[in-house]
Every structure is written in C-alpha cells, then in structure tokens.
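These notes are about the structure you will find just below.
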Amino acid sequence: MARYVFITGGVVSSLGKGLASAALGALLQARGHSVRLRKLDPYLNVDPGTMSPTQHGEVFVTDDGAETDLDLGHYERFTGKAATRQDNITTGRIYQNIIAKERRGDYLGGTVQVIPHVTDAIKSFVLEGNEGVDFVLVEIGGTVGDIEGLPFFEAIRQLGNDLPRGDAIYIHLTLLPWIPSAGELKTKPTQHSVKELRSIGIQPDILLCRCDRPIPADERRKLGLFCNVRESAVIEARDVETIYDVPEAYHREGLDTEVLRAFGLEPGPAPDLSRWRTVTHRVKNPEGEVTIAIVGKYTGLKDAYKSLSEALAHGGIANTVKVNLDWIESEIFEREDPAPFLEHVHGILVPGGFGQRGAEGKIRAATFARERKVPYLGICFGMQMAVIEAARNLAGIPDANSTEFGPTPEPLVGLMTEWTKGNQLESRRADGDLGGTMRLGAYEARLKPGSRVADIYGSDDIWERHRHRYEVNAAYRDRLEANGLIFSGMSPDGSLPEIVEYEDHPWFVGVQFHPELKSRPFEPHPLFARFVEAAKAQSRLV
Ligand code: GLN
C-alpha cells in the first residue's frame, strides 16, 4: 500500500512548492523508496494548454501527450521518472467529467454537489494507479485560503480519514519574512496560514519554512507551539545557491527523517546523495563561461521557458561551464540590427512560440547565426523560422512563410492537413477547439545516418516530445537540401520533417520537438550538451 504526502502552501505563492515536492521525492528515492509525484491544480482551465506562457509559465508535455503544469518538469528532473497524464488534474477537468456524467444521466436524478461528487472525483484521481509505489507525493496548487482550492483541501482532509491510520501526512510550505526594522524573522504569517489550514480540518505534520537566514531557536519553538507541530518538524528551507542544492539542504535540516518518522517508520541509514553532490560540485566549480542568447517572445516571465533554461544549465553541467542566458525579445530585431545584440554571444537559441508577433525577428536571428557561423539551436518554432530563413535567403523563395500567419503563396510551414492535400494556399486555423488538438507527446523520428544529429544521439532512431500544430512542408525538401539545409530527421513514414541542419556550419540544428523536456541534471540531453560544447568552442573565437 502506498503512503501519501500532501503538500500545501501558505502565506504567498511562488515559494517553490513544486521544487520542494520534487526534492522530497528525490530524497525518498535516494533512500531506496519508489515515489510518484502528482499535482492538483485548482484553476478552471481543463489543462494549461490554452493558457498564456507569460501568465502561467511553460506548458510541460508528457510522453503520453498531456499538456501539464510546469511543476511536473521539476518532478521529472529531480526523480528521473517520466510523468504521465495521470499526474496532473485541474478543477476544469474534474468538472468536465462530472458534467459529462450528469448529462448522461449517470447520477440517476440525484443532486450533484461539491461534496461528495467533486471531492470524490478528486479522491479517486489521487488514489488511482499507485500500485507498487511506496510514497505518493501530492502537491496542491495555490495557497491555503484560495476559494477555488477548497474542494481539494477538503478532499485531502477526507483522505486522511479514508486511508489506514498513519498512511497520510501533511506538509505545509510557508514563508518567514525578514523584517529589517525589527531585525527579526516573522512567524505570524505562518501562524495565520496554519490557523486557516486547521480551520478546514488539516493539521500539518511538518512545516517547511522558506527563509533567507537561519531560524533562531526561539522562533522555532514559537512556530511549534502556535502551529501545534513538533519542534523537530519545523524545517528550515533557506535560500540556496542552485536549485540542485535543495535535496541536500533539506536532508541536512532533517526533512526526509521527519517525513519517515511522521509515518512511524525508522529512517535507517542515510540516503545516498552522491549524484546530487556531483551535480552541485560541477555547477559551483565551472571551468569557464558561455553566453547563449535566447531570442523569444515570452521573455518577460522566466517560467515561460523553465525546462529550456534548465536544459541549458544541464548542458553547462555536461561541459563544466557556466551558461549565462541573454534573454532577447525577438521583436527588437524587427526594428534594429541584430549584430550589436548577438556579436558577443556564443550560441543563439530560438525557442518555441506561437503567432506572428516577433517571428520576423527570429528569422533575422537565424540569418545572423547562419551567416556569422554562430552555433544555433532552433526548437519547434525556432526550427520553422530557420527553414523559412533558408528558403528566403538561400533557395530564392522570397515569399516563403508559415500559414500560421495568414495565407501565403509559399507555405514552407503549414498545417499538415493543408499540405498533404496538395499545398492549398488558404490559411486555415485549426478546425474546432484549440485545447488539446496539437501534435502532442512522444513521436519517433528516423535520423539520417552520418548526419550531425545521428552522431549527437549515437542512434538513428529517437523518440522526442512534440507540441505543435504546424509542420515544415516536406514538398520543399529538395530545394532546401540543394542549398545546404539537410533534412536529417524525418517521421518514420518520411512525411514530416523533424530535424534540419547545415553541414557547412560549425553547429546549426533545428528540431521540431522539445528536447528540453527530457533533459535531466544527471543526464543532460545530448542536443543541449553538444550545443553548449559548440558554444564553448565559439567562446574561444570571439
Ligand atoms: N506555433 C508553432 C506550431 O504550432 C510552433 C509551436 C511551438 O513552438 N511549440 O507549430
């Protein structure tokens, strides 16, 4: 039987509940237990797939094609275990299922209510599919007190009674703000937050307290006393230098021991954290630095490119260099010469994106990278723009464009349905719904033997995760290849271009998928490892 750890947040949002959950998962794993991490999101969207990256952050795609919360990315990176569509649910999805059942008449005339119907649906989601797992870590999005979170808090409260005694514990993550004028770390917001939690029937077993300095013994005592928590279960979660320090830092503060004790288990020998030490040692002792320009359009919110910045950091770990990221809003290049912005960088990355705004700027970034022989990695939209760039500037197709932006006589990029029907010139939006209708999840690609990517992957058959509606139009393949842009990865049936590269360039690769989603600190993705390696070589030139 699985044991359950429910992780809630209080005081303010953005305290890193996802990271804390992921780090605890890693610690339990390092003690030899199997773990599963899941996220309950109280918002009404059915999934984050339709939400703006600048509001909600990155949409993390699983192998089985679910568009999920970015915390699942932390879970994967910290535990190395691939998440599935069963690891994330929202209020929107719960209600969608309940309403569908109600319309079918499944409730046989009964009144459908938050308690028990919504709470039961949440509980069965939490309990499903956990066979063979020692610990299920369930993170509840938002902070205690949010109106939309109430059914989730109520459901996990009930689970405390439904499950065998001692099989569920509650961890509450809070903030102890430092008030300079008083010279104190304040416990009152935490006291209020726990009061709120207790008023809905949840008594936390462990308090995980974010702070920027050590918690004095007095404050610890006070927290224990007023929050009805043992003093040893008040865990200091101080700011750390790199996120990969978190598991070890929490271990030093006794989090994993306290969790096991709360379940009545003997902690046993210390966990093996050597692989974390290797990672943090490399992060803290770089032998050099490289600067990568990320030319995107959601640069206002770093969370919009969470997995990407992590994957670049992993590339740095692989090469023992620090990777500095230079975030550049692509629209700038529509007004200004890119050269002054890009001359000093050692690599250019054009990430995924949607819509016309900033697209021409990304194309100019690709031109700069190609002409000036700067390493380039184009991801999804970044590959599509590199293909349009090649068509316009090398293959003599000045009108080359993507039908994503409107009708075009030269649809280098278009909807699959458009060009499989023979390159219709009409631009069409996806028919029907925008939610969940893209090409999503893991797909296979065959790599061209002897190509750069085949060498990078050390294989000619790969599986990578996708999230896009548009495709590079294979009908233009011959004209582009004749001008040096090689189609080095294709879908197994040969119809969809998945990777392009230049042979006569130090390092220029465009991929239709999102390799960043599968990179891990202990297992940097080969594309990022080699891209950063190329940037390192470039840094010796500029
Ligand atoms: N907008 C493009 C498409 O839908 C690219 C998507 C992406 O970069 N993830 O195909």
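Search region 361-373 for residues being touching a Phe, Trp or Tyr at 6+ places or on another chain (Cβ under 7 Å) and more than 16 Å from the ligand (Cβ to nearest atom), and hand back the single one that is least open to solvent (accessible area, probe 1.4 Å). Looking at residues that are touching a Phe, Trp or Tyr at 6+ places or on another chain (Cβ under 7 Å) and more than 16 Å from the ligand (Cβ to nearest atom), I get 369.
For region 98-122, the set of residues classified as part of a helix (DSSP H, G or I), of a type in the set (A, V, I, L, M), open to solvent by 50 Å² or more (accessible area, probe 1.4 Å) and more than 23 Å from residue 161 (Cβ to Cβ) consists of 99 only.
For region 320-336, indicate whether the set of residues that are free of Cβ contacts under 8 Å to residues at least 12 places away in the same chain and within 30 Å of residue 33 (Cα to Cα) is non-empty. No: zero hits. Within region 474-497, restricting attention to residues that are modelled with pLDDT under 95 and more than 16 Å from the ligand (Cβ to nearest atom), the residue that is farthest from residue 526 (Cα to Cα) is 475.
Residue selection: residue 93 fails the criterion of being surrounded by 14 or more Cβ atoms within 10 Å (Cβ to Cβ) and farther than 29 Å from residue 196 by Cβ. Filtering region 313-328 to residues that are more than 19 Å from residue 540 (Cα to Cα) and either more than 25 Å from the chain's Cα centre (by Cα) or surrounded by fewer than 18 Cβ atoms within 10 Å (Cβ to Cβ) (or both) leaves only 327. Of all the listed residues (58, 76), the sole one being under 13 Å from the mean Cα position of the chain (by Cα), part of a loop (DSSP other than H, G, I, E, B) and in contact (Cβ under 8 Å) with a residue 60 or more places away in the chain is 58.
State whether one or more residues within region 378-391 are more than 16 Å from the ligand (Cβ to nearest atom) and farther than 24 Å from residue 538 by Cα. Yes; the residues of region 378-391 include at least one that is more than 16 Å from the ligand (Cβ to nearest atom) and farther than 24 Å from residue 538 by Cα.
Give me a count of the residues in region 344-360 that are under 18 Å from residue 532 (Cα atoms) and either touching a Phe, Trp or Tyr at 6+ places or on another chain (Cβ under 9 Å) or within 16 Å of the ligand (Cβ to nearest atom) (or both). Full working, then the answer.
Restricting attention to region 344-360, the residues satisfying the condition of being under 18 Å from residue 532 (Cα atoms) are 344-351.
Within this subset, residues satisfying the condition of being either touching a Phe, Trp or Tyr at 6+ places or on another chain (Cβ under 9 Å) or within 16 Å of the ligand (Cβ to nearest atom) (or both) are 347-351.
Of the residues in that region, 5 qualify.
Scanning region 442-465 turns up no residue that is modelled with pLDDT under 95 and open to solvent by less than 10 Å² (accessible area, probe 1.4 Å).
Of the candidates 257, 242, 280, the single residue that is more than 22 Å from residue 322 (Cβ to Cβ), out of contact with any strand residue (DSSP E or B) (no Cβ under 7 Å at 6 or more places or on another chain) and β-branched (Val, Ile, Thr) is 257. Note on region 67-82: residues that are of a type in the set (A, V, I, L, M, F, W, C) and open to solvent by 10 Å² or more (accessible area, probe 1.4 Å) total 2. Go through the residues of region 338-349 one by one and say whether even a single one is buried (at least 18 other Cβ atoms within 10 Å of the Cβ), under 20 Å from the mean Cα position of the chain (by Cα) and not hydroxyl-bearing (Ser, Thr, Tyr). Yes, region 338-349 has at least one match.
Given the options 350, 374, name the one that is touching a helix residue (DSSP H, G or I) at 6+ places or on another chain (Cβ under 6 Å), at pLDDT 95 or above, under 27 Å from residue 452 (Cα atoms) and β-branched (Val, Ile, Thr). Only one candidate passes the filter, namely 350.
Go through region 280-312 residue by residue and tally those that are part of a helix (DSSP H, G or I), open to solvent by 30 Å² or more (accessible area, probe 1.4 Å) and without any contact (Cβ under 8 Å) to a residue 60 or more places away in the chain. Qualifying residue count for the region: 5.
Residues that are within 14 Å of the ligand (Cβ to nearest atom) and more than 21 Å from residue 63 (Cα to Cα) within region 440-473 comprise 472, 473, listed in sequence order.
Is there a residue in region 492-502 that is in contact with a Pro (Cβ under 6 Å, 6 or more places away or on another chain), closer than 24 Å to residue 346 by Cβ, surrounded by 17 or more Cβ atoms within 10 Å (Cβ to Cβ) and among the aromatic types (Phe, Trp, Tyr)? Walk me through how you get there before you give the answer.
First pass over region 492-502, keeping only residues in contact with a Pro (Cβ under 6 Å, 6 or more places away or on another chain): none.
No: zero hits.
Filter region 392-403 down to residues that are out of contact with any Leu (no Cβ under 6 Å at 6 or more places or on another chain) and open to solvent by less than 10 Å² (accessible area, probe 1.4 Å) and give me whichever is nearest to the ligand (Cβ to nearest atom). Checking each candidate, the answer is 402.
Of all residues in region 155-183, those being open to solvent by 40 Å² or more (accessible area, probe 1.4 Å) and among the β-branched types (Val, Ile, Thr) number 1.
Residues in region 136-161 that are assigned to a helix (DSSP H, G or I) and either among the polar types (S, T, N, Q) or touching a helix residue (DSSP H, G or I) at 6+ places or on another chain (Cβ under 7 Å) (or both): 148, 151, 152, 154, 155, 158, 159, 161. Of all residues being open to solvent by 70 Å² or more (accessible area, probe 1.4 Å), assigned to a helix (DSSP H, G or I) and among the basic types (Lys, Arg) in region 184-242, which is nearest to residue 258 (Cα to Cα)? Just the residue, please. Only one residue fits best here, namely 221. Every condition in (1) within 22 Å of residue 64 (Cα to Cα); (2) away from the ligand (no atom under 14 Å from the Cβ) is met by residue 515 except one, and the failing one is (2).
I'm trying to understand the selection: among the residues of region 514-534, which are in a helix (DSSP H, G or I), open to solvent by less than 40 Å² (accessible area, probe 1.4 Å) and in contact with a helix residue (DSSP H, G or I) (Cβ under 8 Å, 6 or more places away or on another chain)?
Correct list: 515, 516, 517, 527, 528, 529, 531, 532.
Selection of region 294-324 for residues being of a type in the set (Ser, Thr, Tyr) and within 21 Å of residue 529 (Cβ to Cβ) yields 305, 307, 309, 320.
The values are calculated or read from the model by the stated rules, or taken from the named source; none is laboratory data. Being a predicted model, the structure only gives us computed values, none of them experimental. Don't worry about glycine lacking a Cβ; one is built from the backbone with ideal geometry, like all the others, and counts go over all protein chains shown. Ligands, DNA and RNA are stripped out before the accessible areas are found, and what is left, the full protein with its side chains, is counted by its heavy atoms. Shrake-Rupley method; radii C 1.70, N 1.55, O 1.52, S 1.80 Å.
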